[in-house]
Each structure stands twice: as structure tokens, then as C-alpha cells.
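The structure appears right after this line, and notes come after that.
The values are calculated or read from the model by the stated rules, or taken from the named source; none is laboratory data. Note that the structure is predicted; figures quoted are calculated from it, not measured. Please note: Cβ atoms are built from the backbone with ideal geometry, for glycine as well, and neighbour counts cover all protein chains shown.
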Amino acid sequence: MLKKILVGFLLLTLVFVLTGCGSEEEAAGDGAAETQEAITWTFAHEEVQGSVQDRYAQKFKEAIEAKTDGAVKIDVYPVGQLGDGANQVELLQNGAIQLGINNPGSVGTLVPETNLFSLHFLLPSDMDKAHELVNNSEAMEMLNQKYLEKNMKVLGWFPEGYQMWTGNKKITEPADFEGFKIRTMASPVISESYKTYGADPTPIPYMEVYSSLQLNMIDGQVNPIFAIEEMKFYEVQDYMMLSNQAIFVGTFVANDLFWDSLSAARKEQVKAAADEATAYILGAQKDLNATRLESIKENSEMEIVELTPAQREKFKEASLPAREFYVEKYGEDAGEILEMLLEDVAKITK
Ligand code: 6CS
């Protein structure tokens with residue numbers, strides 16, 4: 001209870017401090033910032049420095065500061081500095097911060113349709129195609145609208161890498177998951193996906209995963225390779241399964257009122273900078289995941305288990321009821337978004 005009050009107080013203080021940053025342009029109206037001193041926008045993301053989200057944020061910062069000749073400055077805050085993922089979504093929604101990267105786990109209860117990306121074996125296994133799809137499928141326009149209804153203007157979607165299971169035991173078929181306590185992000189669809197395999201999904205905040213693995217409070221976790229490396233999960237896990245069952249998808253969003261306060265010209269600059277960051281991150285995340293896999297192989301004892309196509313097929317079959325769960329739980333629009341995406345997946349992969 002005391003912890004909750006303290007976190008609430010901290011967030012409130014942050015709201016007062018941070019609302020000062022982006023308010024100049026909003027209060028003074030559009031062109032003001034173009035003729036006055038630089039204005040600072042706060043950009044929070046859910047990962048540590050050097051991660052995929054951090055690289056995206058730094059690229060956006062570089063691009064927007066160049067495009068506005070320094071009239072706009074970006075302060076980037078990695079996870080922990082403004083609370084965890086859920087705290088950041090709150091700050092973004094109420095306009096205390098202007099920009100942020102969220103993942104489906106953090107936004108899942110607010111924008112339920114976004115749980116789509118928590119379904120397994122949905123996006124193409126070719127990363128370039130997955131990247132194209134999350135940026136161009138018509139399903140995404142409908143999903144973006146759902147974000148807007150919750151005060152978030154989506155500026156970009158980007159895959160961060162394939163998600164892999166790590167564990168204190170080898171997992172090669174759904175039965176191996178029976179009773180396995182797997183740490184996941186907090187999303188009903190992520191939980192349901194693991195329940196289809198018989199696992200016991202356990203939501204724990206990202207920054208507590210290492211210690212929970214170390215203390216054997218959980219048996220494993222799931223994340224892209226770059227995260228498994230930078231969070232040092234390989235130190236406290238015996239196996240990493242190259243399972244590729246889902247792609248971790250990040251969302252770059254702006255507070256909607258902040259977005260509406262910008263001039264048409266500024267919006268164009270922001271969109272162009274976001275597009276630059278989105279194009280850049282595809283190669284950057286592929287490189288980061290590849291080099292960090294090598295680093296894990298060199299620096300850890302963890303056994304790496306590559307699932308065969310036949311093994312993956314068994315997991316895919318077992319996971320399909322989670323799609324019905326998603327549609328039944330979230331309704332018609334969610335069903336339509338899923339259908340549209342699946343149609344585009346079929347087109348892009350044929
Ligand atoms: O597992 C998580 O909670 C986190 N994983 C990544 C790769 N990014 C942020 C997120 O919170």
C-alpha cells in the first residue's frame with residue numbers, strides 16, 4: 001500500500017515537472033517555437049540504454065533535431081527513470097510526456113485490440129515482411145484508431161526481434177510446458193497463449209525478471225535475443241529455445257493533444273523523423289539480435305536449442321485456440337483487425 005502511495009506521489013511530481021517541457025508550443029500556439037528558444041519534448045521508452053527502443057529513440061532525436069534546426073530538443077528516458085512500462089503509458093496518456101515507445105504488454109488492457117501481437121505464429125517468419133506488414137497493412141489503420149481513442153497518436157510500428165523462450169529445462173514440444181512457470185508481460189492474450197501449452201504464465205515487471213529467475217520463483221521467460229543478452233537472463237537460465245513463435249512489436253506514439261497542438265509543418269517533420277527511425281530500426285534490430293546471439297554463445301554456458309519446423313508446427317497447432325479467445329474477449333473490431341491482418345499475411349507470404 002505504502003509503495004503504491006509513493007509511486008503515485010512520484011508520478012504526480014513527474015507530471016508537474018514534465019508538463020513544463022512540452023507546453024511552450026502548445027500554449028503559445030503553432031509557429032511560436034519556430035521563432036523562440038528550443039522547446040524540449042520528453043521521450044520515454046521501456047528498455048535500457050543501447051536496446052532496440054533506445055536506438056529508435058536516439059535516431060528519432062537525431063532526425064527531428066536536424067529537421068527543426070535545433071528548435072526542438074528531445075530528452076530520452078529509458079525504462080526505470082520514469083517508472084515501468086505501465087507508468088509510462090499513464091504519463092503519455094495524460095500528456096505529462098509527449099512521446100513514447102510502448103509494447104503490447106503495457107497497452108494491452110487499455111487498447112485490447114493490440115493484444116493481436118501477443119498471438120503466436122501470426123506474423124510472417126521473414127522479418128522484412130513482418131516489418132512491411134506492421135507498417136502497411138490496412139489492419140493497422142484500424143488499430144491506430146483504437147490508440148487514438150485512448151489519447152495516443154501512433155507514429156510508427158516496428159518489430160524488435162523474434163521472441164525466444166529461456167528456461168531451466170529444455171522445451172521442444174507443448175507438453176514440456178506443463179506446469180512451467182513462464183514470466184510474461186501482463187496481457188490476457190499472452191497468458192492465454194501460454195495456457196494453450198499447459199504453462200503457468202506469471203506476469204512480473206521487466207526489471208524484476210532477473211532476480212525472479214535467480215531465486216527460482218519462475219522457471220523461464222520470453223523475450224527477443226537482444227533483451228536476453230542485455231538483461232543478462234543468460235546468466236540464470238540453462239536453455240534458450242530458438243522458438244520464433246512471435247515477434248516483439250514496439251509502437252511509437254505521441255500524446256494526442258500534444259500532436260494536435262503542432263503546426264502542419266511540424267507534424268510533417270515529426271512524421272518524417274519517425275519514418276526515418278522506423279526504416280533505420282529494421283537493420284539495426286536485426287544486427288543487434290544477431291551480434292548478441294553470438295555474444296551469448298561466446299560468454300555463456302546456456303544451451304541453445306533450435307526448434308525444427310515440425311516442432312514449431314506442433315506449437316502452432318496448440319496455440320490456435322488463443323485466436324478464438326482474442327476475438328471472443330475483445331469483440332467484432334478485434335475480429336476484423338485479426339482477419340485483415342491474416343489476409344495481408346497470406347498475400348505477403350504467398
Ligand atoms: O519483457 C518485457 O517486459 C520487456 N521486453 C522488452 C524487449 N522490451 C520492453 C518490455 O517491457
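Worth pointing out:
- Every listed requirement among (1) within 16 Å of the ligand (Cβ to nearest atom); (2) touching a helix residue (DSSP H, G or I) at 6+ places or on another chain (Cβ under 7 Å) is met by Thr202 save one, (2).
- Residues that are among the hydrophobic types (A, V, I, L, M, F, W, C), within 13 Å of the ligand (Cβ to nearest atom) and within 19 Å of Gly283 (Cβ to Cβ), drawn from segment 42-65: Val52, Ala57
- Residue match in segment 277-297 (condition: surrounded by fewer than 15 Cβ atoms within 10 Å (Cβ to Cβ) and in contact with a Gly (Cβ under 7 Å, 6 or more places away or on another chain)): no
- Pairs with Cβ under 7 Å, 6+ apart, first in segment 75-96 and closer than 16 Å to Gly108 by Cα and of a type in the set (Asp, Glu), second at pLDDT 90 or above and surrounded by fewer than 23 Cβ atoms within 10 Å (Cβ to Cβ): Asp84/Pro205; Asp84/Tyr206; Asp84/Met207
- Qualifying residue in segment 265-275 (condition: under 27 Å from Thr172 (Cβ atoms), of a type in the set (A, V, I, L, M) and surrounded by fewer than 16 Cβ atoms within 10 Å (Cβ to Cβ)): no
- Residue in segment 325-338 that is part of a helix (DSSP H, G or I), closer than 22 Å to Gln163 by Cβ and out of contact with any helix residue (DSSP H, G or I) (no Cβ under 8 Å at 6 or more places or on another chain) present: no
- Single unsatisfied condition, Lys195 versus (1) closer than 18 Å to Leu116 by Cβ; (2) buried (at least 19 other Cβ atoms within 10 Å of the Cβ): (2)
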